[in-house]
1. Only one residue in B:Gly9, B:Gly60, B:Gly55 is over 29 Å from B:Asp148 (Cβ atoms) and surrounded by fewer than 20 Cβ atoms within 10 Å (Cβ to Cβ). Which one?
2. Would you confirm whether any residue within the range C:192-210 is out of contact with any Lys or Arg (no Cβ under 7 Å at 6 or more places or on another chain), outside any strand (DSSP E or B), modelled with pLDDT of 95 or more and away from chain A (no Cβ under 14 Å)?
3. C:Asp158: within 18 Å of the chain's Cα centre (by Cα) and of a type outside the set (Gly, Ala, Ser), yes or no?
4. Just to check your reading of the model, which residue among B:Val78, B:Val165, B:Val98, B:Val88 is more than 29 Å from B:Gly28 (Cα to Cα), among the aliphatic types (A, V, I, L, M), surrounded by 21 or more Cβ atoms within 10 Å (Cβ to Cβ) and modelled with pLDDT of 95 or more?
5. Quick one: which residue in B:Asp33, B:Asp40, B:Asp68 is surrounded by 24 or more Cβ atoms within 10 Å (Cβ to Cβ), assigned by TED's automatic domain parsing to the domain that holds B:Glu142, of a type in the set (Asp, Glu) and in contact (Cβ under 8 Å) with a residue 12 or more places away in the chain?
6. Can you confirm whether B:Ala171 is at pLDDT below 95, under 18 Å from C:Ala119 (Cα atoms) and among the small types (Gly, Ala, Ser)?
7. I'd like to check something: does the range B:98-119 contain any residue that is among the acidic types (Asp, Glu) and in contact with a His (Cβ under 9 Å, 6 or more places away or on another chain)?
8. Would you mention how many residues in the range C:101-111 are more than 23 Å from the chain's Cα centre (by Cα) and surrounded by 15 or more Cβ atoms within 10 Å (Cβ to Cβ)?
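The values are calculated or read from the model by the stated rules, or taken from the named source; none is laboratory data. In this text, all values refer to a predicted model and were calculated from it rather than measured experimentally. So basically every Cβ, Gly included, is an ideal-geometry build from the backbone, and we count neighbours across all protein chains shown.
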Amino acid sequence: MIVLFTDFGSRDPYVGQVKARLATVAPGVPVIDLLHEVPDFNPHAGAHLLAALAGGFPPGAVFLAVVDPGVGTPRGSVVMQACGRWYVGPDNGLLSVVAARAPDTRLWRITWRPEVLSATFHGRDLFAPVAAALARGDFPQERLDGVDALGVEFDAGDLPRIIYVDHYGNAWTGVRGEPSVARVRAAGREFARGDCFAAVEKGHGLWFVNSVGLIELAVNRGSAAATYGLRVGDRVDVERAS
Amino acid sequence: MIVLFTDFGSRDPYVGQVKARLATVAPGVPVIDLLHEVPDFNPHAGAHLLAALAGGFPPGAVFLAVVDPGVGTPRGSVVMQACGRWYVGPDNGLLSVVAARAPDTRLWRITWRPEVLSATFHGRDLFAPVAAALARGDFPQERLDGVDALGVEFDAGDLPRIIYVDHYGNAWTGVRGEPSVARVRAAGREFARGDCFAAVEKGHGLWFVNSVGLIELAVNRGSAAATYGLRVGDRVDVERAS
Amino acid sequence: MIVLFTDFGSRDPYVGQVKARLATVAPGVPVIDLLHEVPDFNPHAGAHLLAALAGGFPPGAVFLAVVDPGVGTPRGSVVMQACGRWYVGPDNGLLSVVAARAPDTRLWRITWRPEVLSATFHGRDLFAPVAAALARGDFPQERLDGVDALGVEFDAGDLPRIIYVDHYGNAWTGVRGEPSVARVRAAGREFARGDCFAAVEKGHGLWFVNSVGLIELAVNRGSAAATYGLRVGDRVDVERAS
């Protein structure tokens, strides 16, 4: 299974070009569109989203993870194995939260360059062929060079900011919903805790631990983003019970 | 064939998580994204959309139909067979127009609960595994309990409101385009009848019977929604010849 | 491989209906969503987009190419073979730039009409079954009539206008990035040339030859469309070195 996690946009002609490449190299391998709206130009938010989402995918899944505003510069490109899953993408931090939290990460730099390599679309030209080879079960040894560490590293901790706003207007934070969490504040107000949207009255706000384990802010049958002006990057204050 | 009909959003990371679950339980079964923008929090409009669209799919198709603002509350979850097609989703009205119009509906309540059941994403955790089992041809008898009726029922009649606005700005109504329809009014004006967009001059409005049999309001090479301020929920007056 | 290139919208229930039809006629054939946001009602921009994108797909690929504001009028419908690829769509100019640039175009008019043909959705009812037959390897001779030329013809030259704006706000032009290109002006200003986004400072504009060979306007880590007010149809002035 190849899982696409990018900022290529779900409405643009980039994902289709990647899929055509994957279908040519790894015909018959299922391709899952996980997210193509990772916040633009923001590998930090993307790294926390990826770490939260990846756990739901089976061992052997190959993530093609590309948020790459530095494409065409000398930033590195890597293959990573962590918790039985594979990751292919730029070495700009996007894979670094998964790496920091995994007990058993293995890393390779992609040294191969395809015959035709555009300056702005390594997702299609460089990362897709490598991901397709992995998904087919052919470890592309001759295209890779083992390395000890990522060039850009993040720590394993949470990111106390809004990292994603969905089409309902629900705002995901980069903070995991541990049982110790006692109070959540954002946009200058404290949110009530709820277990599901209907835990509060229609139009009221709440925080809950979402289906991938992150603290999320929502409004029952409404938009938290519109109601409270929440945007990706906004700070969130999470207080833990002592 | 599994057909997805949800309000999960075509740009958010929800559909991909559902598909990963489906691919694990029912590998190789084709999955069709029919609609992920059913009007949010609006099972009534969704029920009429589903009833209009389902007829175009072959017998044996399994609809994973989820618009579920009450997820996490005690609302029921059901499997329905109607006209040879299967439907899996919440018992909140979303399946109730299909049910009311079918001559031969069979119904089961989903009594099974998965080991891990998030409070806010039953589409992934509860409905997807059941739909995948059905699509694989394994009727999950041990997870179901036959029932006589849905908890939320709608009648078989039309819904004289806007139920969907597409990206062109065309507005679908919940009224079927019977030959007896004589006049259609919305937004304080009467629409001319056309057989295709070009039946009226560029920029002019028309109503026509759309490709799934509903009365639809459009503007030739323009947006009816923008031109007339039409939104989901707006009333439409349809007069029939006597 | 069937490649979808339409203005049906990536969020609307049109693509899913087409895919259900394709899955019925050509089960197991991979279907790639290349673009469903071809500028509405604009076969001219679409024709240049298609010509730029098609080259990346393998021989034998079948393009279902539909931007069809004249659906339901007597405009023709065609099958075209060019450079080993197949194209199925309306005869309204959408295929005409591919045709003009190919050395070896073959053309057929679609004379077949399905039992049920809606007035507004030939993509589903007419073009999809023909494309599926081609993709399955069954040339549908009895549905086609060889013709010598398209009804609507464009020349092989470039289109010096914005033909697409992506979700980053990057603006694609219809001008191919030949080495002779020396200066690019749009929105009353000259753009600097860059090889990748990071070639200019954050927030600054640039032009580059994009991954499908067209001149594209962008802003490093920003939106060219928002910064300069660029929209589909805007003129671009490209000066060549003499």
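1. Numbers: B:Gly60 fails: over 29 Å from B:Asp148 (Cβ atoms); B:Gly55 fails: over 29 Å from B:Asp148 (Cβ atoms).
Exactly one residue qualifies, and that residue is B:Gly9.
2. yes
3. Working: within 18 Å of the chain's Cα centre (by Cα): yes; of a type outside the set (Gly, Ala, Ser): yes.
So C:Asp158 passes the test.
4. Working: B:Val78 fails: more than 29 Å from B:Gly28 (Cα to Cα); B:Val98 fails: more than 29 Å from B:Gly28 (Cα to Cα); B:Val88 fails: more than 29 Å from B:Gly28 (Cα to Cα).
Answer to the check: B:Val165.
5. It is B:Asp68.
6. Details: at pLDDT below 95: no; under 18 Å from C:Ala119 (Cα atoms): yes; among the small types (Gly, Ala, Ser): yes.
When the stated conditions are applied, B:Ala171 does not pass them.
7. There is no residue in the range B:98-119 that is among the acidic types (Asp, Glu) and in contact with a His (Cβ under 9 Å, 6 or more places away or on another chain).
8. Number satisfying all stated conditions: 0.
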